[in-house]
Amino acid sequence: MTRFDNLIAGQWTAGSSYSRNINPSDLSDVIGEYAQADAAQVALAVAAAQKAFPFWATGSVQARSDALDKIGNEIIARKDELGTLLAREEGKTKAEGIGEAARAGAIFKFFAGECLRLSGEVLPSVRPGIGVEITREPIGVVGLITPWNFPIAIPAWKIAPALAFGNCVVIKPADLVPGCAWALADIISRSGIPAGVFNLVMGRGSVIGDVLVNHPGVAAISFTGSTGVGGRIALQCAQNLKKVQLEMGGKNPQVVLDDADLNQAVELAVQSAFYSTGQRCTASSRLIVTEGIYPKFIAAMRERMAKIKVGDALAQGTDIGPVSSQSQLEQDLGYIEIGKSEGATLAVGGERLKLATDGFYMAPALFSESAASMRINREEIFGPVASVIRVKDYEEALAMANDTPFGLSAGIATTSLKYATHFKRHSQAGMVMVNLPTAGVDYHVPFGGRKGSSYGPREQGRYAQEFFTVVKTAYTLA
Ligand code: NAD
């Protein structure tokens, strides 16, 4: 069995123990054994990053740009291999895995350019003879904590801007899917970046997460994961006066109006509710449908969902792979029972599937006749489960779409310019989609939500510099 170690101060370092990375499509397939860091190793990684910081922060931006470009090029050249590893360890399909790997490569290449474009401002002072300069500087050592559902793209969209703007990194990826993060660390370790600038510590959040968040040498934490864990991290960062950025859960609405193109509406609902096994923070789990199109929409969804092929993530023809883990599968099946007991009608799917290999397979589920107040419409399920809520008109649909503690992404299917324009303006989500799935975003523009979905500055695109730099105002007497 191959063992994969932590990367600390430029050295591959054995863990205090090892954890098996198992393929959710085939539980007999073990991808490898991955090192588990302990508190002492996290401290060593932070110390290495602190030591590397002065040189990296003030060094050549050309060297940073070249390294990021090199990393991006290697990821893109190896996207098929990395995408296959991703599908094998996380369970999204191979095509989705390859797409995610390519996106990770593109992100590094984007920030290879961004680090050359970090600009400031020069203003006259209100006092004669004085000049004012506003510049951006790196923060220091940043701790990055990532979830299991985008095992290469989310590490990439935190690591790339952190390094581009002169910070040093200690990343703790999700313990369920360490393979892609390790492969990324391997690529970064050969990019020419000095030892200690980038460090990888693998392990459980409950064991080393707190250690990283509370370490006095860590200046800022960028976290993506559940709202519960994110809230606790925000409290710890506030107590230690650390900068913090949180991307968390969603309960994203997809509104379908009477005037929508039915086929398009069904396709985008299926794509964003069920693809990637519904395990996307931007998945549509509430389909809010006006009453004129409601019966046709349910009938068309039944017909379309019957064609979805659930299977091994690596097999040709699979539309939806397995759920990622036993505990996530139990959670998803638990919500099927909750929905039924709350009085929603289970229109399609929702059962565990037995396929040729032993994996965490589940038939995508659609509830109809669900009410907005039901737990299946209030809580993030994070699986291939969506429910349809019938509403009278656009006004009720908008109110329902906004009636949630979350606010990540929201979509509307309509041919009306009036309603599309009004929805873009009045949706309380951070990202709004017109005639597009709620999931599926570009890498060069800001990503993030409102309310319980996000906290702190936006990720990605130019906006990433808000979090990964700190502003300095300098005055000079001429
Ligand atoms: P999670 O909160 O369980 O874990 C996320 C990360 O936090 C993991 O690396 C975990 O090990 C770590 N962690 C756990 N306890 C910790 C602690 N006490 N201190 C520090 N770190 C700790 O989330 P998950 O199950 O890995 O991911 C699914 C969640 O992520 C969903 O809620 C999903 O919506 C969310 N998500 C959000 C976005 C977004 O950008 N908004 C993107 C992807 C996933």
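Yes or no: E74 buried (at least 17 other Cβ atoms within 10 Å of the Cβ) and within 16 Å of A183 (Cα to Cα)? Before the answer, list the steps.
Values: buried (at least 17 other Cβ atoms within 10 Å of the Cβ): yes; within 16 Å of A183 (Cα to Cα): yes.
For E74, the condition - buried (at least 17 other Cβ atoms within 10 Å of the Cβ) and within 16 Å of A183 (Cα to Cα) - is met.
Could you look through segment 81-101, keep only residues that are over 10 Å from C180 (Cα atoms) and within 15 Å of the chain's Cα centre (by Cα), and pick out the one that is surrounded by the fewest Cβ atoms within 10 Å (Cβ to Cβ)? Within segment 81-101, the match that is surrounded by the fewest Cβ atoms within 10 Å (Cβ to Cβ) is G99.
The condition of being farther than 30 Å from V30 by Cβ, hydrophobic (A, V, I, L, M, F, W, C) and surrounded by 24 or more Cβ atoms within 10 Å (Cβ to Cβ) holds for I221. Selection of segment 205-216 for residues being more than 6 Å from the ligand (Cβ to nearest atom) and open to solvent by 10 Å² or more (accessible area, probe 1.4 Å) yields V207, V211, N214, H215, P216.
Any chance you could count how many residues in segment 160-179 are within 23 Å of F468 (Cα to Cα) and either open to solvent by 10 Å² or more (accessible area, probe 1.4 Å) or within 13 Å of the ligand (Cβ to nearest atom) (or both)? Summing the residues that are within 23 Å of F468 (Cα to Cα) and either open to solvent by 10 Å² or more (accessible area, probe 1.4 Å) or within 13 Å of the ligand (Cβ to nearest atom) (or both) in segment 160-179 gives 5. Scanning segment 454-476 for residues that are assigned to a loop (DSSP other than H, G, I, E, B), in contact with an Asp or Glu (Cβ under 8 Å, 6 or more places away or on another chain) and open to solvent by 70 Å² or more (accessible area, probe 1.4 Å) yields a total of 1. Among the conditions (1) within 15 Å of the ligand (Cβ to nearest atom); (2) not assigned by TED's automatic domain parsing to the domain that holds N214, F297 misses just one, which is (1).
Listed by position, the strands (runs of 3 or more DSSP E) enclosed by segment 127-205 that each have at least 3 residues that are more than 19 Å from I75 (Cβ to Cβ) and in contact with a helix residue (DSSP H, G or I) (Cβ under 8 Å, 6 or more places away or on another chain) are 130-138, 141-145, 168-172.
Looking only at residues in segment 224-262 that are open to solvent by 10 Å² or more (accessible area, probe 1.4 Å) and in a strand (DSSP E or B), the one that is nearest to the ligand (Cβ to nearest atom) is T224.
You will find that of L346, L355, L333, the residue that is away from the ligand (no atom under 16 Å from the Cβ), in a strand (DSSP E or B) and open to solvent by 40 Å² or more (accessible area, probe 1.4 Å) is L346 and no other.
Among the listed residues K472, K424, which satisfies the condition of being away from the ligand (no atom under 16 Å from the Cβ), outside the structural domain of E379 (by TED's automatic domain parsing) and in contact with a strand residue (DSSP E or B) (Cβ under 9 Å, 6 or more places away or on another chain)?
K472
Filtering segment 119-159 to residues that are hydroxyl-bearing (S, T, Y), farther than 24 Å from A39 by Cα and within 16 Å of the ligand (Cβ to nearest atom) leaves nothing. Here G192 fits the description: farther than 17 Å from K51 by Cβ, more than 15 Å from the ligand (Cβ to nearest atom), assigned by TED's automatic domain parsing to the domain that holds A39 and touching a residue at least 40 places away in the same chain (Cβ under 8 Å). Screening A410 with (1) within 16 Å of the ligand (Cβ to nearest atom); (2) open to solvent by 30 Å² or more (accessible area, probe 1.4 Å) gives one miss only, at (2). Does segment 369-381 include one or more residues that are surrounded by fewer than 18 Cβ atoms within 10 Å (Cβ to Cβ), outside any loop (DSSP other than H, G, I, E, B) and in contact with a Ser or Thr (Cβ under 9 Å, 6 or more places away or on another chain)? The answer is yes, given that some residue of segment 369-381 is surrounded by fewer than 18 Cβ atoms within 10 Å (Cβ to Cβ), outside any loop (DSSP other than H, G, I, E, B) and in contact with a Ser or Thr (Cβ under 9 Å, 6 or more places away or on another chain).
The values are calculated or read from the model by the stated rules, or taken from the named source; none is laboratory data. Keep in mind that what you see is a predicted model, and the values were worked out from it rather than measured. Cβ: placed from backbone, ideal geometry, glycine included. Neighbour counts: every protein chain shown. Just so you know, the surface numbers come from the protein's heavy atoms only, side chains and all, with ligands and any DNA or RNA stripped out. Shrake-Rupley method; radii C 1.70, N 1.55, O 1.52, S 1.80 Å.
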